[in-house]
1. Here's a check for you: in region A:259-295, which residue that is in contact with a strand residue (DSSP E or B) (Cβ under 6 Å, 6 or more places away or on another chain), away from every other protein chain (no Cβ under 14 Å) and not in a helix (DSSP H, G or I) is farthest from A:VAL25 (Cα to Cα)?
2. Select, from A:GLU84, A:GLU75, A:GLU44, the only residue that is closer than 29 Å to A:ASP126 by Cβ, among the charged types (D, E, K, R), at pLDDT 95 or above and open to solvent by 20 Å² or more (accessible area, probe 1.4 Å).
3. Find the residue count for region B:181-193, including only residues that are away from chain A (no Cβ under 14 Å) and either in a strand (DSSP E or B) or out of contact with any strand residue (DSSP E or B) (no Cβ under 9 Å at 6 or more places or on another chain) (or both).
4. Starting from region B:54-66, take each residue that is at the interface with another protein chain (Cβ under 8 Å from one of its Cβ atoms) and list its partners that are acidic (Asp, Glu) and not in a loop (DSSP other than H, G, I, E, B), counting only C-beta distances under 9 angstrom and pairs at least six apart or across chains.
5. Find the residue count for region A:181-217, including only residues that are open to solvent by 10 Å² or more (accessible area, probe 1.4 Å), within 13 Å of chain B (Cβ to nearest Cβ) and within 17 Å of the chain's Cα centre (by Cα).
6. Quick check on my filter: what residues within region B:127-161 are open to solvent by less than 50 Å² (accessible area, probe 1.4 Å), assigned to a helix (DSSP H, G or I) and of a type in the set (A, V, I, L, M)?
7. Could you say which residue among B:GLY154, B:GLY167, B:GLY178 is on the phi > 0 side of the Ramachandran plot and within 11 Å of chain A (Cβ to nearest Cβ)?
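The values are calculated or read from the model by the stated rules, or taken from the named source; none is laboratory data. The structure displayed is predicted, hence computed values, not measured ones. With ideal geometry, Cβ positions are generated from the backbone for all residues, glycine too; neighbour counts draw on all protein chains shown. Accessible surface is based on the protein model in full, side chains and every heavy atom, while ligands, DNA and RNA are left aside. Shrake-Rupley method; radii C 1.70, N 1.55, O 1.52, S 1.80 Å.
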Amino acid sequence: MNSTERVRNAILGKPVDRQPIYGWVSANLSGEITAAYGSVGAFEDHYEFDMAHLFGGPSAFRWDAIARLRAENDELTPDLLLEEDIFTFPGPFDVYQDILHALRHHKARARFCYIQTPGFFEQFNDLFGIENQLLYLAMYPDELNELYRRQAEWTVRFADHCIDLGVDMIHISDDWGAQKNLLFSPRLWREIIYPHMKRVVDHVHSRGVLCSLHSDGCIDKVTDGIAELGLDCVHPWQERAGMSYDLYLEKYADKFAILGGVCVQSAIGILPRNALEAEIRRVFGKLKGKRWICCTTHFVQNHCSIEDLTFAYDLIYRLARE
Amino acid sequence: MSILIEISENLQKGKAKIVKELVQKAVDEGIPAETILNEGLLSGMNVIGEKFKNNEVYVPEVLVAARAMNMGAQILKPLLAAEGVQSTGKVCIGTVQGDLHDIGKNLVKMMMEGKGLEVIDLGTDVAPETYVQTAIEQNCQVICCSALLTTTMGVMADVVKAAEAAGVRDKVKIMIGGAPVTQDYCDKIGADVYTSDAASAADAAVRLCNN
């Protein structure tokens, strides 16, 4: 069983030959990893990572049109954006070269490759800022609903391009959770996020490819909806934000997989080694073999030493093979 | 329905324009600004704060209510000053050095203002010395520090140390909060109060200012 088969099976709840592993390690520690291992790629090879998280492709927005709107108006509100065609067509293929290059590298290692694309809330945070967009959700729900619909059409075309290139999963990154609750109401989520998310998930599935979600924070009030969407995998299922593993195992493990388990907010880079080992063993004890891919809950932060990172992944590597 | 109740209820619905009109009408009717503030605007914001604490409303509803409160408060501000009305207390707030996340800090600020506190917003990326200097110069009873990142929460300990070094630790209370922050961490660094949400932070700040 190669890595792609292993991860795909784990996501679909089918038997695997061993626990698949991965980690968001590069963003803050690439210098330290390169100094210790030669490159981030060498680190990924050393620990036989089963997945690859790809980024790249075109910007969704026509920033020239947006700059003009900003110049003409005191405040860039959702109603103004409806009057313009602000979305790019997600092509041509030459802007996908970075993705293609990464795919060649990781597919040579038979890794399962997933490409990240912004979800609806996250995409428009770039334009409005998160606080303004949250305000606009109360003031302009209909206008945002229409913008999210247009965003979904862009995402579908972007996904098509990536699927043609050979990615295994489309990963929609859309932070809906705060530390203790959703950022916005489940009713609003159902009305103006769900329909557009459904459009994307159904389209991706129609192409025979898996679809996953990243959302930090506590999203327990919409997990039934996530299951209804047919999403195949959720990252990170943040236990520290109240997302119980027991709840996942009881209610959702027959519906989707989770990617995560190694908490960057309370474990790796935070705990002393004996406590970190106990924590990693606890998570393996609870989730191993249960539709789970071991991964960090977000990018490992730069207060994690290379020694602690190595310690954690030596242990993860071993536990995955026990 | 009393106009003050109307102000409160429209504020809770985020009807900023109506709140502004009603506040002006209340002023024209001769209701003291302090009464309009306390029984209209702050009363409405208190309801929103409680509902937020109980997870009955979400961030958008808080933001839109705070916007309505600010519209009404703009009318009252000069009148309150003329009446010699004092705030409940004075707080300086900021996101700690190295951290640019401000939505949590802004929510706490809104909730505190909704309790009648005067809040000096230091913004984001605030150095420990800036909190302490501001507290000394502006006679703040409370310093309030926010952090979203595990990489920046350590600065909160530096704020406590800076207050000690400046000799004002017994005069100013230090509150901390943010996603990675815990009560254990608060105890470890010697801060005074940790709260896990914005509404509780505002309640705690009022208590600290009144002690």
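1. That would be A:ARG291.
2. Values: A:GLU84 fails: at pLDDT 95 or above; A:GLU75 fails: at pLDDT 95 or above.
Of the residues listed, the single one that is closer than 29 Å to A:ASP126 by Cβ, among the charged types (D, E, K, R), at pLDDT 95 or above and open to solvent by 20 Å² or more (accessible area, probe 1.4 Å) is A:GLU44.
3. 1
4. Within 9 Å, the pairs are B:VAL59/A:GLU131; B:LEU63/A:GLU131.
5. Within region A:181-217, residues that are open to solvent by 10 Å² or more (accessible area, probe 1.4 Å), within 13 Å of chain B (Cβ to nearest Cβ) and within 17 Å of the chain's Cα centre (by Cα) number 1.
6. Hits for region B:127-161 are B:VAL132, B:ALA135, B:VAL155, B:MET156, B:ALA157, B:VAL159, B:VAL160.
7. Exactly one of B:GLY154, B:GLY167, B:GLY178 is on the phi > 0 side of the Ramachandran plot and within 11 Å of chain A (Cβ to nearest Cβ), namely B:GLY178.
To keep it simple, each residue is scored yes or no on (1) open to solvent by less than 30 Å² (accessible area, probe 1.4 Å); (2) among the polar types (S, T, N, Q).
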site	(1), (2)
A:ASN274	no, yes
A:ILE293	yes, no
A:GLN301	no, yes
A:ILE306	no, no
A:ILE316	yes, no
